[in-house]
1. Tell me the net charge near PHE60. Cut-off is 10 Å between Cβ atoms, PHE60 excluded, with +1 for each Lys or Arg and -1 for each Asp or Glu.
2. Which value in nm describes the separation of the simple spin-label points at ASP536 and THR5, placed 7 Å from the Cα toward the beta carbon?
3. Counting Lys +1, Arg +1, Asp -1, Glu -1, what net charge surrounds THR221 among other residues with beta carbon under 14 Å of its beta carbon?
4. For region 380-422, rounded, prolate or oblate, judged on the Cα gyration tensor with a ≥ b ≥ c (square roots of eigenvalues), a/c < 1.5 rounded, else prolate if a/b > b/c?
5. Going by the alpha-carbon gyration tensor, a ≥ b ≥ c the square roots of its eigenvalues, is region 110-248 rounded (a/c under 1.5) or, if a/c is not under 1.5, prolate (a/b greater than b/c) versus oblate?
6. Apply the a/c threshold of 1.5 to the C-alpha gyration tensor of region 408-541 and tell me whether it is rounded, prolate or oblate.
7. How many Å³ per residue does the convex hull of the Cα positions in region 3-180 occupy?
8. What's the ranking of 257-264, 365-372, 530-537, 450-457 by average number of surrounding C-beta atoms within 10 Å, highest first?
Amino acid sequence: MTFETRATRPIEGQKPGTSGLRKKTAVFSEPDYLENYVQAIFDVIEPAGKTYVLGGDGRFFNDKAIQTILRMGAANGVARMIVGREGILSTPAASHLIRMNETDGGLILSASHNPGGLEGDFGLKYNIANGGPAPEAITDAIHARTEVIGEYHIAKDTAPDLSTVGQYALGDMRIDIVDPVADYADLMETLIDFDAIRGLFSRGFTLRFDAMHAVTGPYATEILEKRLGARDGSVVNGLPSPDFGGGHPDPNPVWAKPLVDHLMSDDAPDFGAASDGDGDRNMILGRGIYVTPSDSLAVIAANAHLAPGYADGIKGIARSMPTSGAADRVAEALGIEAHQTPTGWKFFSTLLDAGRATICGEESAGTGSDHVREKDGLWAVLMWLNILAVRGQSVKDIMDEHWARYGRTYYSRHDYEEIDAEIANALIGDLKGKLATLPGHDANGLTVTEAEDFDYTDPVDGSTAKSQGVILHFEGGGRAVLRLSGTGTAGATIRLYLERHEDPSGDLVQDPQDALADVARAADAIADIRKRTGRDAPDVIT
Ligand code: VG1
Ligand code: CO
């Protein structure tokens, strides 16, 4: 085996965002781009003699990137790489393999819900030994390293073909090619009441799971159709393709519209769900009803004890700050801790490790538990099926009962995409500049009661994350949050998150956009979004 050390120069902009480094595929596949970033990771984590998990969501460039990473791993002294067959691993499955094999971490190739293909996006994320995304101290060190990098190491030989499970080698580095689905599916069997769900399907319950041509196809087919007995064809768009069938694998009402339309139609199945490019997000629907992710988190937490993995109860609930307060009410009723973290799954890891949270969630269709250290789309779907099977009710009945008990927190997110970065930064900057003057201010009929820029101190390790989003509280209990996306690759995306709680005695059957119209107008009056961006409506409403 021969290795070579190649000279390189720092490439600007290799700064990880909310979830790893994401760039246009055309950028990621430029000479030295991937190599520089991988070497920067290796320089920080010192991989000699260590074991890592490696895999991705199968998007365009996944296969080539895996080859490069294997060759660089061997040249950097990695002892062993555990790789999903054909380089495929969903993000939660990768997190599980890291934990199950007690490895030193993993490299996950994905740009998640962003489109794939040469015109689309690519990404790379380093996860640590607990299976979770690297904390900011590490990603900051990796970024700093990319700014001074001068060389990288790579094997001259090619890596083995990845199509057959088995043990291989590249120089002294052992390569274990593993079935991407089996261990993950086995883990689900330990957490979820598969018998109850089998019973549900045998009684004629119907479901449609839209894998959106992305990584969850093989996972969903194995678990839902083969192990649980859902009717053949329940999983649609189940064959992963490198450009996700030309689609946008983001399970929300805009990009998964065909599924939503189907669930609202006359021949709707009992249950509908979808996942994203890398399998960590989920969308939940019942016949005639869309469950907003913040509500899904609250329902899963309130009913978690119905699943065997959580039969002893849950220890705490954590949600990202922009996620609605619906889950907090469940935590209060259960007498357990409720945590509010910045956006991004990495902030949940310390709470999960410390046993201070069992269930976590984000408004962006991310839900998960302490079984891995990533959000987990199929897990959420299985939790819902478990709950439906045990309670014997429809999704709609479960939501109605939940709201009747806890009240309903109306919620919606409005995204303004591909805004000129200067305009977006100035908008948020100006908003932060006037926060102190806002309390008492009348915003289009709603008075601001409080205005703050969210700073977070991790209650477990004391680390801090500053300025994670502007929160505006209004008279009457409404809340608006504004922040910029950290996962985009073109321009800036302004996210405006809206919520308002209605007590059980109030009107629980409003259209969310109507229920939130005054909060949206007030936020716009303060931040001037429409005028400054020149847009008269959001690009995406969830
Ligand atoms: C978005 C979501 C955030 C999520 C992140 C990664 O980040 O808002 O909740 O954790 O994507 O999810 P941002 O910075 O664009 O708002 V995934 O499925 O893209 O790994
Ligand atoms: Co994702």
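Laboratory data are not the source of any read-out in this text; all were calculated from the coordinates shown. All values derive from a computational prediction rather than experimental measurement. Don't worry about glycine lacking a Cβ; one is built from the backbone with ideal geometry, like all the others, and counts go over all protein chains shown.
1. -2
2. Inter-label distance under the simple model: 6.3 nm.
3. Working: positive: ARG208, LYS226, ARG227, ARG231; negative: ASP179, ASP210, GLU222, GLU225, ASP232.
Result for the neighbourhood of THR221: -1.
4. Details: a/c = 4.95, a/b = 2.15, b/c = 2.30.
Since a/c reaches 1.5 but b/c is at least a/b, the shape of region 380-422 is classed as oblate.
5. Numbers: a/c = 2.02, a/b = 1.82, b/c = 1.11.
Verdict is prolate for region 110-248.
6. Working: a/c = 1.44, a/b = 1.18, b/c = 1.22.
Rounded, since a/c falls under 1.5.
7. Working: hull volume 17.3 nm³, N = 178.
In region 3-180, the Cα convex hull volume per residue is 97 Å³.
8. Details: 257-264: 16.8, 365-372: 25.5, 530-537: 12.6, 450-457: 15.1.
Put in order of decreasing packing, that is 365-372, 257-264, 450-457, 530-537.
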